[in-house]
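Asks: First the structure, then my questions, so here it is.
The values are calculated or read from the model by the stated rules, or taken from the named source; none is laboratory data. Not measured: the values here are computed from a predicted model. Note that we place each Cβ from the backbone using ideal geometry, even for glycine, and neighbour counts take in every protein chain shown.
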Amino acid sequence: MRRICIMAMMMSFIAFVSCNHTKTTTEGTGDSTAVAEEKVVEPEVEDHQLTIADLNLNDDNIFTVVYAISDDGFVNVRESPSAKAAILDTLWMMFHGLGNGVLIEDQVGWSKVSVGEHVGWVNNHYIDYQRWYDGEGDSILVAAKDETPLYGENYADEGDYPLFTTVKKGTILADDFIIHNGYYNLLTGHDYIFIKLDDAVIVEKK
């Protein structure tokens, strides 16, 4: 009889300890879950509005088109800045008021340009430049995307404007432009260059 009582007391003690342990574990798990599910509210950050102080107005960051002014109406685009280097493409004289090359780098004697799918060098003696930024305008048009597309005239009048070139984000495009039919227009005597409104931003001079 005494053995039975001792066994009963031991079983009661084990049950009591087990119950308390389960309660503690459950409560701990509940607290942990509450912390994990708590949402952290991030403070709202307003988009930075570009100002004139944010812009790089150096010559090498201004969108510049190049064209040939040689007597025969074209200049060879070469693999390196040398008259003996291989010919990659041709830079033509202005056609409908617009050159067909884009200036990448201007050095003494030679300029690095992009013409079509080629990047090469042309002799500075036989080229000239055109820009739509001269620092005189009240507003500055700036490329807003990493690879901002610029489009040329669509002579077929079908589909979208063909791609003329791309420029890096932050490139100064113009302070002489108009807005028409969903595009910024860079004007020439005949042909225009078009930039979609979402692909550039206007910075006001203040």
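Asks: Only residues that are touching a strand residue (DSSP E or B) at 6+ places or on another chain (Cβ under 6 Å), in a loop (DSSP other than H, G, I, E, B) and closer than 19 Å to residue 99 by Cβ: list them for the stretch 154-169, please.
Replies: Scanning the stretch 154-169 gives a single hit, 161.
Asks: In the stretch 194-206, which residue that is assigned to a strand (DSSP E or B) and under 23 Å from residue 117 (Cα atoms) is farthest from the chain's Cα centre (by Cα)? Lay out the reasoning, then the answer.
Replies: Residues of the stretch 194-206 that are assigned to a strand (DSSP E or B), as a first pass: 194-196, 200-204.
Those left that are additionally under 23 Å from residue 117 (Cα atoms): 194-196.
Working: 194: 17, 195: 13, 196: 13 Å.
By that ranking, first place goes to 194.
Asks: Take the conditions within 22 Å of the chain's Cα centre (by Cα) and either within 28 Å of residue 72 (Cα to Cα) or touching a residue at least 60 places away in the same chain (Cβ under 8 Å) (or both) and apply them to residue 164. Does it pass?
Replies: yes
Asks: Within the stretch 170-193, work out how many residues are in a loop (DSSP other than H, G, I, E, B), surrounded by 12 or more Cβ atoms within 10 Å (Cβ to Cβ) and of a type outside the set (Val, Ile, Thr).
Replies: Adding up the residues that qualify gives 7.
Asks: Could you tell me which residue of the stretch 89-124 is surrounded by the fewest Cβ atoms within 10 Å (Cβ to Cβ), considering only residues that are acidic (Asp, Glu) and not in a loop (DSSP other than H, G, I, E, B)?
Replies: Here is the first cut: in the stretch 89-124, the ones acidic (Asp, Glu) are 89, 105-106, 117.
So of that shortlist, the ones also not in a loop (DSSP other than H, G, I, E, B) come out as 89, 105-106.
Working: 89: 20, 105: 11, 106: 15.
Among those residues, the one meeting the criterion is 105.
Asks: Another question, if that's okay. Being within 25 Å of residue 91 (Cα to Cα) and either in a loop (DSSP other than H, G, I, E, B) or polar (S, T, N, Q) (or both) is the filter here; which residues of the stretch 127-140 pass it?
Replies: Result: 130, 133, 134.
Asks: Taking only the stretch 168-193 into account, find how many residues are among the β-branched types (Val, Ile, Thr) and closer than 23 Å to residue 93 by Cβ.
Replies: 2
Asks: Considering the stretch 63-75 alone, what residues qualify as being farther than 14 Å from residue 165 by Cβ and crowded, with 20+ Cβ neighbours inside 10 Å?
Replies: 68, 75
Asks: Out of the stretch 54-88, which residues are farther than 20 Å from residue 141 by Cα, of a type in the set (A, V, I, L, M, F, W, C) and in a loop (DSSP other than H, G, I, E, B)?
Replies: Looking only at the stretch 54-88, we keep the residues that are farther than 20 Å from residue 141 by Cα, and these are 67-88.
Those left that are additionally of a type in the set (A, V, I, L, M, F, W, C): 68-69, 74-75, 77, 83, 85-88.
Answer for the stretch 54-88, where residues must be farther than 20 Å from residue 141 by Cα, of a type in the set (A, V, I, L, M, F, W, C) and in a loop (DSSP other than H, G, I, E, B): 69, 83, 85, 86.
Asks: Follow-up. List, please: which pairs have Cβ atoms under 6 Å, are six or more places apart or on different chains, and start with a residue in the stretch 141-153 that is outside any strand (DSSP E or B) and end with one that is modelled with pLDDT of 95 or more and among the basic types (Lys, Arg)?
Replies: Short answer, once both residue conditions are applied: 145/169; 146/169.
Asks: Among the candidates 178, 127, single out the residue that is under 29 Å from residue 76 (Cα atoms), among the β-branched types (Val, Ile, Thr) and modelled with pLDDT of 95 or more.
Replies: None of the other options fit; the residue is 127.
Asks: Pairs under 6 Å by beta carbon, first residue touching a residue at least 40 places away in the same chain (Cβ under 8 Å) in the stretch 180-206, partner assigned to a strand (DSSP E or B) and among the small types (Gly, Ala, Ser), six or more apart or different chains?
Replies: That search, which allows pairs on different chains as well, returns 184/200; 186/174; 200/143; 202/139; 204/139.
Asks: I need the full set of residues from the stretch 74-98 which are modelled with pLDDT under 95 and of a type in the set (Gly, Ala, Ser), in order please.
Replies: 97
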